[in-house]
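Below is one structure, written out as structure tokens, with a few remarks after it.
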Amino acid sequence: MAAILQAKDAEEWTYRGEGAVNLVLAYCGSSPHFVGKVLRIQKVPNDRHECENGHSALNNHESLLWGKFEGIVSAPTKEIVEHVYVQKVMCPLLGSEHVDAGIHVLVSRDFLEAVDNKVLCQRPSWRVDAARVNPLRDSVLLIADHSVFPHVSGSLKEDFCVSVEIKPKGGFLPTSEFIAEENAVKKRITRFKMHQALKLHQGKISQISQYDPLDLFSGSKDRIQRAFKALCLTPQNNFRIFLNGSIIFGGMGGTADNTSSAVAQSFHDGLKHVILAKDGMHIKCLVDLLTETIFKSGLLNRLLEVQKLDAIDIEGAIHAYYDIISQPCVVCRKIGGKRFSARYSSIHSMPRDDKVKIVRDYLISATAKDLSMMISFKSKINMDEESPHRAVFLEASKQTFCYKASFIDLDMKPLKKMEYYYQLDQQIVNYYVQMLKDRDVLDCDEPTQESLNACTSVKHGGKFFLFQANHNLRSLYY
């Protein structure tokens, strides 16, 4: 688009939410160019004195990594690099029908500063303390608003649409031979579950999530249903629900540790517009609808394949990284010993192209483990009427729903984050292993209907805390 968004245009954009990297604004004006769209605006940490203007593209090591993909290395700015990455890397892997690369829209500094001021009071305080809108960006990303359903004349019932945003996280357990013996717990406990313990210890969450990513990716209808029930109980930043683009469940700018009775009732009332069910059964029906959609569509199968590009775990990939950047391997120097040197020598002796592939695949996998998935539903009157969208039948309400699914937040992970990924991985595992050694943690079983009454015991700040599973939604499930 040739037009440049100015300060006055900020009034037509409303705060939708944010993640660690981007702020998301929804359009509330009348311009046909923007109706049904959202803007993703990059943020910059408050502790960074100088903002990036996006004009520094890839360095030599990054060019080596991404050179096989047309248009990435030649892109003049980081903004365009990230856009081409979605088009050329993630779109073929996840399927073009489920990926919207979007387009870049030019913006003025006045627009970005106006947006920053406008949404300040709507953002969570901890997000405000951490980062602000980057005022030096020349453009922002315009993509479809996946929380609303595109209108298809004559085939969709009424105007109500319910959309679910899911952050699935990693859906498999690593089996890499390069995982150290003392970290073997990684092969039987998910990264998500171990990270929950660390986050609780750090005070980032107040309650351990009941969600297990392995359930969602299992291919078992019962386990998929269990995953969605757990997400309803402890959504954190992994689960949000929208009605006609407005959030009715989950955190606006990050986490919602559990579900209060008031939120549960409001959530239930919102679903009445979409799902025809007996009073008190609407949330259960939504869980069933999501379960049926994930089970029959195979949406997560392709995502899991991309996640599994991480074939040797960060404990193996970090060695290839240091060779790519032509630096002595810090990990080998730290762990030392002939036995460890022999374990990792096979990586260090690989041809350069093999090392490049290991690191590139790891970073692509990191994108796939950190993305979100939007699924939007709208009731369909007649199955015989043509629609470009797939349909799913909800037995409990005798309704047929059209749905569309999209993968979002497909950010390219910087090469320099490899060291951060390794350090965080070790911090997560070390904390969890130490808790197991202390026998201070009582692992609860995976959440089932019978075990929702169970308590989770966790050591936090040297004290024991018991967290009762949230029951505000239970009466609405059954």
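The values are calculated or read from the model by the stated rules, or taken from the named source; none is laboratory data. Fair warning: this is a prediction, and the values are worked out from it, not measured in the lab. No Cβ is skipped: glycine too gets one built from the backbone with ideal geometry, and neighbour counts run over all protein chains shown. To get the accessible areas, we keep the full protein, side chains included, count just its heavy atoms, and leave off ligands, DNA and RNA. Shrake-Rupley method; radii C 1.70, N 1.55, O 1.52, S 1.80 Å.
Brief remarks on what is shown
- Gyration tensor (alpha-carbon) shape descriptor, segment 296-426, a/c threshold 1.5: prolate
- Computed over the alpha carbons of segment 188-252, Rg followed by Dmax gives 13.0, 40 Å.
- Segment 171-226: radius of gyration and largest Cα-Cα distance (Dmax), Å: 13.2, 35
- Accessible carbon and sulfur surface of segment 388-438 relative to its total accessible area, %, 1.4 Å: 51
- Where only C-alpha atoms are counted, convex hull volume of segment 267-315 per residue in Å³: 113
- For the pair Met350 and Arg188, label points projected 7 Å from Cα toward Cβ lie 2.8 nm apart.
- Kirkwood hydrodynamic radius of segment 129-244, Cα pairs, Å: 17.8
- For segment 37-118, dividing the convex hull volume of the Cα atoms by the residue count gives 134 Å³ per residue.
- Förster radius 45 Å - calculated FRET efficiency between Lys68 and Asp438 (Cβ-Cβ, nearest 0.05): 0.45
- If you model segment 60-187 as an ellipsoid using its alpha carbon gyration tensor, with each semi-axis the square root of five times an eigenvalue, the axes come out at 31, 25, 22 Å, biggest first.
- Cross-link table Lys167/Lys193; Lys88/Lys357; Lys357/Lys404, entries beyond 21 Å C-alpha to C-alpha: Lys357/Lys404
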